1. So, of the residues in region 24-58 that are of a type in the set (A, V, I, L, M, F, W, C) and surrounded by fewer than 15 Cβ atoms within 10 Å (Cβ to Cβ), which turns out to be modelled with the lowest pLDDT?
2. Scanning region 102-113 for residues that are in contact with a Pro (Cβ under 9 Å, 6 or more places away or on another chain) and free of Cβ contacts under 8 Å to residues at least 24 places away in the same chain, which turns out surrounded by the fewest Cβ atoms within 10 Å (Cβ to Cβ)?
3. Residues in region 1-55 that are more than 13 Å from residue 86 (Cα to Cα), under 12 Å from the mean Cα position of the chain (by Cα) and not in a helix (DSSP H, G or I): how many?
4. Checking residue 65 against (1) of a type in the set (A, V, I, L, M); (2) surrounded by fewer than 18 Cβ atoms within 10 Å (Cβ to Cβ); (3) more than 12 Å from the chain's Cα centre (by Cα); (4) at pLDDT 95 or above, only one condition comes out false. Which one?
5. How about region 80-100: which of its residues are outside any strand (DSSP E or B), closer than 19 Å to residue 66 by Cα and either in contact (Cβ under 8 Å) with a residue 60 or more places away in the chain or of a type outside the set (Val, Ile, Thr) (or both)?
6. Just the residues that are out of contact with any helix residue (DSSP H, G or I) (no Cβ under 7 Å at 6 or more places or on another chain), of a type outside the set (Asp, Glu) and not in a loop (DSSP other than H, G, I, E, B), please, taken from region 58-79.
7. Against the definition (under 15 Å from residue 4 (Cβ atoms) and not hydrophobic (A, V, I, L, M, F, W, C)), how does residue 126 come out, yes or no?
8. Just one of (1) over 12 Å from residue 115 (Cα atoms); (2) touching a strand residue (DSSP E or B) at 6+ places or on another chain (Cβ under 6 Å) trips up residue 45, so point out which.
Amino acid sequence: MSNVKAVIRLRMSSHDAHYGGNLVDGARMLGLFGDVATELCIRMDGDEGLFRAYDSVEFLAPVYAGDFIEAEGEIVNTGNTSRKMRFEARKVIRPRPDVNDSAADVLAEPVVVCRASGTCVVPKDKQRGQR
């Protein structure tokens, strides 16, 4: 097992909202996981690698424009060229339009909005060892 981890935090914009009520498409969470996976491969191998497949994806709570999402991933198993990863996205801040246009709250407990697992591949000739 590896202990290589990465975390990114990003605010969902109105451009991310594709549905009524400013609901953000779940695919946006997978895009964040892809960015986390890229960082994990760089940290592990000094190369961006290639995302091969998701084994599991669970959408657990809605995400809206204005929400701050923290996406975290870790490498949980390494093969010769494969890197098995686990991901979790959490809502950590939400807007409060009922208070005023710019109000927001930091959530006392983050809300898990998505979990996934998948595999990335870093070709042997591109691996430069753990950074």
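1. Among residues in region 24-58 that are of a type in the set (A, V, I, L, M, F, W, C) and surrounded by fewer than 15 Cβ atoms within 10 Å (Cβ to Cβ), the one modelled with the lowest pLDDT is 27.
2. The selected residue is 102.
3. Qualifying residue count for the region: 4.
4. For residue 65, the exception is condition (4).
5. Those that are outside any strand (DSSP E or B), closer than 19 Å to residue 66 by Cα and either in contact (Cβ under 8 Å) with a residue 60 or more places away in the chain or of a type outside the set (Val, Ile, Thr) (or both): 96, 97, 98, 100.
6. Passing the criteria: 59, 68, 76, 77, 78.
7. Values: under 15 Å from residue 4 (Cβ atoms): no; not hydrophobic (A, V, I, L, M, F, W, C): yes.
The answer is no for residue 126.
8. Failed condition: (2).
The values are calculated or read from the model by the stated rules, or taken from the named source; none is laboratory data. The structure presented is a predicted model; accordingly, all values stated were derived computationally and were not measured. Cβ coordinates were reconstructed from backbone atoms using ideal geometry, including for glycine residues, and neighbour counts include every protein chain displayed.
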